[in-house]
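One structure below.
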Amino acid sequence: MLKLALYGKGGIGKSTMTANLAAAFASLGKRVIQIGCDPKADSTINLLGGTAVEPVMDYLRTHDEYPDDYHQISKQGFGGVLCIETGGPTPGLGCAGRGIIATFQLLEELELFEKWKPDVVLYDVLGDVVCGGFAAPIREGYAQKVLIVTSGEKMALYAANNIYTAVKNFEDRSYARVLGLILNHRNVEDETAKVRAFADERGLDIVGEIPRSDDIIRFEDQGKTVIEGDAGLPVSRTFLELARKLLETENEETA
């Protein structure tokens, strides 16, 4: 099972990257779960035709009893991707990180992974926070690898370095490791060179480069990933190639 957590600066496009990767894996015939770990609960919306799934924390607040089946807190989207959103506390009250922990504990109790038997699990994690509940996806075997989404912008690289450093500090605890970077182009001057220099200094690979594309925005306005919108577009083929590469890497490591 390939288990990936995507981190990066807020607004860098993690949800777009995650949902399109989920759609790409599904298009390659894989069983996929995507778990949005953000109080906004919008990670999976473009896999669901623009209609959001009820977040787990909302369900727990509005029901007297815990769900007894994962179907009550999930929805299947494009390609059969199982979509789950942790959600968060009532605005102004509580800690969003605790919501992630509560959700993960519930998923264990419901035996989600044993029953669904996914090939790929993707975690889309809020911003550049790698502490408390926001570190949960990379603890205790939930995710094995971390992909850091960045552009060539200064603050995006600053956040990427913070995430890299935090994950490195976890290495001696057998937590997830950084697999590499996804360069989500913002058309910054010398962008590729800046990100490549950043990666080389830390011994990281740029595992994928996603070009700036109006097609992504066009299909998101329709509540779709670009994979669902038109799998033949150059940007769609880029996501499919990245998905294949990640699967090949996983197969080589487990061979």
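Condition check ((1) within 16 Å of the chain's Cα centre (by Cα); (2) closer than 21 Å to Lys30 by Cβ; (3) touching a residue at least 24 places away in the same chain (Cβ under 8 Å)) across all residues:
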residue: Asp124; (1), (2), (3): yes, yes, yes
residue: Ala135; (1), (2), (3): yes, no, yes
residue: Leu147; (1), (2), (3): yes, yes, yes
residue: Gly152; (1), (2), (3): no, no, yes
residue: Ala156; (1), (2), (3): no, no, yes
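Does Lys168 satisfy being more than 17 Å from Val195 (Cα to Cα) and free of Cβ contacts under 8 Å to residues at least 60 places away in the same chain? Considered against the rule, which asks whether it is more than 17 Å from Val195 (Cα to Cα) and free of Cβ contacts under 8 Å to residues at least 60 places away in the same chain, Lys168 comes out as yes. Could you check, for the stretch 125-139, whether at least one of its residues is closer than 24 Å to Asn251 by Cβ and either part of a strand (DSSP E or B) or modelled with pLDDT under 95 (or both)? Yes - at least one qualifying residue is present in the stretch 125-139.
Picking from Ile35, Ile84, Ile73, which residue would you name as being over 16 Å from Ser15 (Cα atoms), surrounded by 23 or more Cβ atoms within 10 Å (Cβ to Cβ) and either in contact with a strand residue (DSSP E or B) (Cβ under 7 Å, 6 or more places away or on another chain) or without any contact (Cβ under 8 Å) to a residue 24 or more places away in the chain (or both)? Please lay out each step first, then the result.
On the way: Ile35 fails: over 16 Å from Ser15 (Cα atoms); Ile84 fails: over 16 Å from Ser15 (Cα atoms).
Matching residue, one of Ile35, Ile84, Ile73: Ile73.
Summed over the stretch 216-228, residues that are touching an Asp or Glu at 6+ places or on another chain (Cβ under 7 Å) and surrounded by fewer than 19 Cβ atoms within 10 Å (Cβ to Cβ) total 0.
In the stretch 142-160, the residue that is nearest to Val125 (Cα to Cα) out of those that are at pLDDT 95 or above and polar (S, T, N, Q) is Thr150.
The set of residues from the stretch 211-228 being more than 19 Å from Leu242 (Cα to Cα) and in a helix (DSSP H, G or I) comprises Asp214, Ile217, Arg218, Phe219, Glu220. All conditions but one from (1) part of a loop (DSSP other than H, G, I, E, B); (2) closer than 28 Å to Ile45 by Cβ apply to Leu204; the one that does not is (2).
Of the set (1) under 16 Å from Gly8 (Cβ atoms); (2) touching an Asp or Glu at 6+ places or on another chain (Cβ under 9 Å); (3) at pLDDT 95 or above, all apply to Glu209 but (2).
Here are some residues: Arg139, Arg196. Which one is under 28 Å from Ser236 (Cα atoms) and either free of Cβ contacts under 8 Å to residues at least 60 places away in the same chain or aliphatic (A, V, I, L, M) (or both)? Criteria check complete, one pass: Arg196.
The values are calculated or read from the model by the stated rules, or taken from the named source; none is laboratory data. Not measured: the values here are computed from a predicted model. Glycine also receives a Cβ, built like all others from the backbone with ideal geometry; neighbour counts cover every protein chain displayed.
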